[in-house]
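All remarks here apply to the structure that follows.
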Protein chains: 2
Amino acid sequence: MKDFPGTPGTMFGLALRMSQFIFAAGSIASMATTPSFFNITAFCYLIAAMGLQTIWSFVLALLDAYAVVRKKVLHNPVLVSLYLVGDWVTATLSLAAACSSAGITVLYFNDLGHCHFGKECRKYQISVACAFLSWIPISISSLIMLWLLAAG
Amino acid sequence: MKDFPGTPGTMFGLALRMSQFIFAAGSIASMATTPSFFNITAFCYLIAAMGLQTIWSFVLALLDAYAVVRKKVLHNPVLVSLYLVGDWVTATLSLAAACSSAGITVLYFNDLGHCHFGKECRKYQISVACAFLSWIPISISSLIMLWLLAAG
């Protein structure tokens, strides 16, 4: 298999996984510290999706770090297929969660003209922004995986 | 370039484009006939995203139909790259629009316990469902395009 930046076991791949993990964890931290997120389905779904992404990115970051330190190449087709499926599922769920929460945040801030939740509103916004920021690297990772598998 | 079902100029490719067009048009029709959609940003965005997808899918369906009838092969790398970029942009926008509208629909139906908009609520639900149904074939198309381009 070809070797280019972003593939498993490279420094850029590790950086992508780390940024996914950090932003997803930031999104959860910001949302979970609001006292009323559980009243809104989309916000609960955001926490679930970001939780899944945190676990997935953390495990793959560990694998990448191991490969970088030991200078191993992780380009086994079976492994890349597994990465690909996992990346696509988490990327789609993350985008869906970020957009549904963004829809509600915009509804409360813009459409209804004010936010009833006081101080929590800022936290909702930060959480949604982090979710989008974590979606960008995971979508790059998933495109790289598909390219790697297809290019053979 | 390899030839497999779903690539431009095949019957399955044409079927995918047709279903994208039909569901996106259904989503717009259902949303645009409600009298108050313009009060909610996410619903306006849904109409914009579905409008883009309707135009994109219609043009590509025409191209595919021409290729099927004339038995031409549309596997030019430049053309496939263009298809790929267009498909990815419309697929991402469609998913984002469907999810943000779904978040608001679920908020009004489940979280707030009732829908204030009366008869329109059913139309919002139908519109969101159509948007998701149109996202499924466009995501399949975009995966096929990336695979086709990467496999060379």
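Distances in nm, one decimal, shortest first, from B:Asn110 to the same residue in every other copy, taking the label point 7 angstrom along Cα→Cβ.
Nearest to farthest, the other copies are at 2.5 nm.
Where the centre of each part is set by its Cα atoms, how far does segment A:106-133 sit from segment A:30-57, in angstrom?
Between the Cα centres of segment A:106-133 and segment A:30-57 lies a distance of 14 Å.
Just to confirm a number: summing +1 for Lys and Arg and -1 for Asp and Glu over residues other than A:Thr34 whose beta-carbon lies under 14 angstrom from that of A:Thr34, what do you get?
Result for the neighbourhood of A:Thr34: +2.
For segment B:1-93, just the Cα set please: Rg and Dmax, both in angstrom.
15.2, 49
Counting other Cβ atoms within 10 Å, which trypsin sites (Lys or Arg not before Pro) in segment B:46-152 have at most 16 and lie in a DSSP loop?
B:Lys71, B:Lys72, B:Lys119
Accessible area drop of at least 10 Å² (1.4 Å probe, protein heavy atoms): which residues of segment B:22-42 qualify, relative to the chain alone?
B:Asn39, B:Ile40, B:Thr41
For a bin width of 10 Å, list the pair-distance distribution of segment B:11-151 built from all Cα-Cα distances, rounded to whole %.
Taking all Cα pairs of segment B:11-151, the binned fractions are 13, 40, 26, 14, 6, 1 percent.
Restricting to Cα atoms and excluding each atom paired with itself, what does the Kirkwood estimate give for the protein assembly as shown in Å?
20.5 Å
If a cysteine in chain A has no other Cys Cβ under 4.7 Å from its own Cβ, put it on the list, ordered by number.
Isolated Cys, chain A: A:Cys44, A:Cys130.
Can you tell me the 0 to 90 degree angle between the C-alpha axis of helix B:120-151 and the longest principal axis of chain B, rounded to 10?
Approximately 20 degrees, to the nearest 10.
What do you get for the angle between helix B:11-32 and the principal long axis of chain B? Use alpha-carbon atoms, 0 to 90 degrees, nearest ten.
20 degrees
Find the sum over both chains of the accessible area lost when A and B are paired, probe 1.4 Å, and report it in Å² to the nearest 100.
1900 Å²
Please state, rounded to one decimal and in Å, the Kirkwood hydrodynamic radius that segment B:96-139 gives when every pair of distinct Cα atoms enters the mean of 1/r.
Every distinct Cα pair counted, the radius reaches 10.8 Å.
Could you give the accessible area per residue of segment B:11-151, probe 1.4 Å, as a whole number in Å²?
45 Å²
On the accessible surface of segment A:11-151, probed at 1.4 Å, how many percent belong to carbon and sulfur atoms?
Using a 1.4 Å probe with all protein chains present, segment A:11-151 comes out at 77 percent carbon and sulfur.
Going 7 Å from Cα along the Cα-Cβ axis for the label, what nanometre distances separate B:Lys71 from the same residue across the other copies?
Listed shortest first, these distances are 5.7 nm.
In whole Å, what three semi-axes, largest first, describe the equivalent ellipsoid of segment B:19-72 built from its Cα gyration tensor (square root of 5 times each eigenvalue)?
30, 9, 6
Treating the point 7 Å from Cα along Cα-beta-carbon as the label, what are the nm separations from B:Phe12 to the other copies, to one decimal?
3.2
Where nothing but the Cβ of Lys and Arg (+1) and of Asp and Glu (-1) is charged, how large is the charge dipole of the protein assembly as shown around its Cα centre, in debye to the nearest 20?
Here the size comes out at about 340 debye.
Go ahead and run the numbers for FRET between B:Thr33 and B:Val78, Cβ-Cβ distance against an R0 of 30 Å, rounding to 0.05.
0.15
The values are calculated or read from the model by the stated rules, or taken from the named source; none is laboratory data. These figures come from a predicted structure and were not determined experimentally. Counting neighbours? That spans all protein chains shown, and the Cβs are built from the backbone with ideal geometry, glycine included. To get the accessible areas, we keep the full protein, side chains included, count just its heavy atoms, and leave off ligands, DNA and RNA. Shrake-Rupley method; radii C 1.70, N 1.55, O 1.52, S 1.80 Å.
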